[in-house]
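To keep things clear, I will list the structure first and then write my remarks on it.
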Amino acid sequence: MSTLLSVEDLSIDYGRRNPVHAVRNVSLSIEEDEFVGLVGESGCGKSTLGFAIARLERPPAQIVGGRIHIGGNDWMSMDAESMRKARWETVSVVLQSGMNALNPIMTIGAQFRDVMEQHGHRGRRAIEERAVEVLDLVQIRPEVLRRYPHELSGGMKQRIAIALSLVLRPKLVIMDEPTTALDMVVQRQILENLKALRHQQSFAMLFISHDLGLVLELVDRVVVMYAGEIIEEQSSRGLLKHAWHPYTRALMDSLPDPENPKGSYQGIPGSPPDLHVIPEACMYAPRCPLVQESCRTSTPSLETFQDVQSRCPVTRQEVVDGVGVRS
Amino acid sequence: MRYFVRRVIILLCTLWVAITVNFMIPRLMPGNPVETMMARFHERGSMSPSAMKAIALMLGVKHGNVFQQYWQYLGEVVHFNFGVSYTYFPYTVTYMIAHALPWTLGLVGISTLISFGLGTALGIVAAMRRGKSADGVLTTISSFTNTFPYFWLGLAAVYVLAFVLHWFPLSGAYNAAFPTGFHWSFIVSVVHHGFLPAMTIVISSIGGWLLGMRNNMINTLNEDYVLLANAKGLKSRWVAWMYVARNALLPNLTGFAMALGFVVGGSLLTEIVFSYPGIGFLLYNAVINEDYPLMQGIFLIIVVCVVLANFFADLAYVLFDPRVRRGGTS
C-alpha cells in the first residue's frame, strides 16, 4: 500500500488578532483504501482539520503553516482551476447535517448531474446510470433522483449525501460526524452501509466523530486529538487492548461496557483549555489523574513506541517497565 | 392544481372584500355629491329644485335602500362603470383612469423592473466580492441613496436638470407638438419626458433591492449546501447562481410582487413633482377637488392591482421554490 494523504506540521488559526490556535503542528497520513478515525471532544480541532484537508476552511479559519499532499498533488499550492477539477475526484466530503447539504431548489438527480457534468462526464444516460449505481450502494431507490430534498427523510438525505460523495470514485472521503444528527436506529443502518461499502468500491476514509465506540467499529486506525494536537494514534485493534494516553483511557472509560450494561460510566472532569495562549506544558495536565511535576513544565512530544504514537511520557514509562499492560 | 384552485378562491374572496369596503367607505362620510356641487353653483347664484334634480340624475345618485344600492354597485363594478367624474365632467371615471393608467404603468412599471433587476444583480456582485472594494463602494452608495427623501431628490432633479440646465422638460409625459402614435419623434419625446422621473424612482429604490439581496446572499453563503457545492468542485459562477442567488432571491420575490402591485398606485410624489399625467397625478387632482367617484374608482383599481400582484407572486413562487409546489398535498 502506498501513502495517499500526507499532512505535515499543519497549523490552523481562527482570526488574525489574538488568534485561537485551533490546530497545531498536526502530522497525519492515510494509506490507500485505509479507514482512519479522528476522535476527540467538541472544540478539539478535529472538524477544523478535516475541512482544511479538503481545503474547505472558511474565514476566520486559516492555515498558517504546514503541507498537505494528496495522491502526489501539493494540495496547498494548486491554482484555482486545477483545484476545482481535483475536488470531488480526489477528495469528497460528507457533512454532519446531510439535511442541509442538499440544495433545496434542485432535484437530487440535478445535484448528481451538475457535479458529473462539470467533471467531464457526458451523456444524460450514463450519468443517471452511475447515480443509480451509487444510490444502490446505500440502498436508496432510483426514484429519489426526481425528488426534491424536502420530500425526503433525514436518514435518506444523509445516505444520498454519502452516495453523492462516492459518485466520482474519489480516493479519499472525509466524513464529518455523518451520523451525529440522526437517531440511533438510522445511525446503525448507516454504519452498516459504510462497513459494506469498502467491499464494493475502493476508497480511503477519514471518519471524524466524537463517538469513539462508533469509530472503533468502523476504522482500521484511530487518531485521537485533544486541544488542537494529536495525542495518540494506533490501530483500532491495539487501542481496544490498551489505550496509552490518559485522555484516550478516559474516553474508553466513558463508553458503555456491553458486559456490564448497568455499570456506571466515567465522565472526564474539567473542561478543555483555552487555545489563545499555548502553555509550555502538557495540554491535558490540568485534568490528568496521572499528572507529574514534569508534565506542567515542558511540552511532551508525540513519540512512536511499539507501533503506537503517544504524547504521554508517563504511560510510556509504564509500558517500558512492564506494568499496566492489559493483555 | 389544488394549489392553483385554492389561490384563485383566496383571490376572489379578497377582491370581494375590497370592493365591499370600497362601497361602504363613501357612505360613511357625511354630505352628498349633489350638495357639494350645489354649494359650488351657489357661489354664482341660486338654483332651482328642478336643476338640483337634474344634477342628481346626471351624477347617478342612488335610490332605494343600502342593499339595493350594493347590488347595483356590484353590477356596475363588473362592467367597469364607476360613474361620472365631478372634476372632469362629462368624462366618466373609467375614461379618465383608462387614459392615465398606461402612463403610470409605463413609467413606474419600467422603473420598478429596472430598479429590481439592477439592484438584485448588483447585490449578487457585492455579496460575491464581500469585503472587497466593489462591495464597499456599492454598499456605501446604496445606504446613502436609500436615505434620500424622495420629494427632495425629485425637486432637486427638476430644479437642476430641467429648470436650470434645460436638459429635460419640466412637466408632462410627451411633447404636445407631435401627434400621438407609434412613430419616432413621439417615442423620443416620451422617453425624454419619462427619463427624469424614472431616474429618480430608480435611484431612490435601487439601494433597498441591492442591500436586501446582498444580505440574503451572505446568509445563504453560510449554508451547508453552498459549502458542499464548493467541495464538489463546481464552477464558481454555477455555484453563485444555482446554489446561492437562486435561494437568496426567494424572499425578495415577495417584495418585488408587492412593489409591482403598488406600481398602479403610482408614485404619487413622482407624478406630482413632475406633473406626469398618470394615476397618481389623477388621484391628487381628485383629492383636491373632492371628486369622490374618481377617488373611489382609483382606490378600487389600486386595491385590485395589489391583490392581483400577490396572486401572481404566489404563482411565480411555485416556479422558483419546489417546496411550495406540493404544499399541503404531499
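The values are calculated or read from the model by the stated rules, or taken from the named source; none is laboratory data. None of these values were measured; they are calculated from a predicted model. Note: ideal-geometry Cβ built from the backbone for every residue, glycine included; neighbour counts use all protein chains shown. What goes into the accessible areas is simple: the full protein's heavy atoms, side chains included, and nothing from ligands, DNA or RNA. Shrake-Rupley method; radii C 1.70, N 1.55, O 1.52, S 1.80 Å.
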Residue satisfying condition, being more than 14 Å from chain A (Cβ to nearest Cβ) and without any contact (Cβ under 8 Å) to a residue 24 or more places away in the chain, within set B:Ser236, B:Ser204, B:Ser267, B:Ser189: B:Ser189
Within segment A:194-207, can one find any residue that is open to solvent by less than 20 Å² (accessible area, probe 1.4 Å), part of a helix (DSSP H, G or I) and on the phi < 0 side of the Ramachandran plot? yes
Residue set B:Leu260, B:Leu308, B:Leu319; condition open to solvent by 50 Å² or more (accessible area, probe 1.4 Å), closer than 30 Å to B:Val8 by Cβ, assigned to a helix (DSSP H, G or I) and without any contact (Cβ under 8 Å) to a residue 12 or more places away in the chain; output residue B:Leu319
Which number in (1) within 14 Å of chain A (Cβ to nearest Cβ); (2) touching a residue at least 40 places away in the same chain (Cβ under 8 Å); (3) in a loop (DSSP other than H, G, I, E, B) marks the one condition that B:Ser275 misses? (1)
Log entry, pairs with first residue in segment A:118-141 being within 15 Å of A:Ile162 (Cβ to Cβ), second being of a type in the set (Gly, Ala, Ser) and surrounded by 14 or more Cβ atoms within 10 Å (Cβ to Cβ), beta carbons closer than 8 Å, six or more apart or on different chains, reads A:Ala131/A:Gly109; A:Ala131/A:Ala163; A:Val134/A:Ala163; A:Leu135/A:Ala163; A:Leu137/A:Ala163; A:Val138/A:Ala163; A:Ile140/A:Ala163
Give me the helices (runs of 4 or more DSSP H) completely within segment A:13-122, filtered to those with at least 3 residues that are exposed (fewer than 15 other Cβ atoms within 10 Å of the Cβ) and either at negative phi or in the same structural domain as A:Met156 (by TED's automatic domain parsing) (or both), ordered by residue number. A:80-86
Picked from segment A:73-89 (must be more than 8 Å from chain B (Cβ to nearest Cβ) and within 21 Å of the chain's Cα centre (by Cα)), the residue farthest from A:Ile12 (Cα to Cα) is A:Asn73
All-but-one check, B:Leu282 against (1) part of a helix (DSSP H, G or I); (2) within 11 Å of chain A (Cβ to nearest Cβ); (3) among the hydrophobic types (A, V, I, L, M, F, W, C), failing number (2)
May I ask you to verify whether B:Phe89 is part of a loop (DSSP other than H, G, I, E, B) and touching a strand residue (DSSP E or B) at 6+ places or on another chain (Cβ under 9 Å)? no
Residue tally, condition open to solvent by less than 10 Å² (accessible area, probe 1.4 Å) and within 12 Å of chain B (Cβ to nearest Cβ), over segment A:127-157: 1
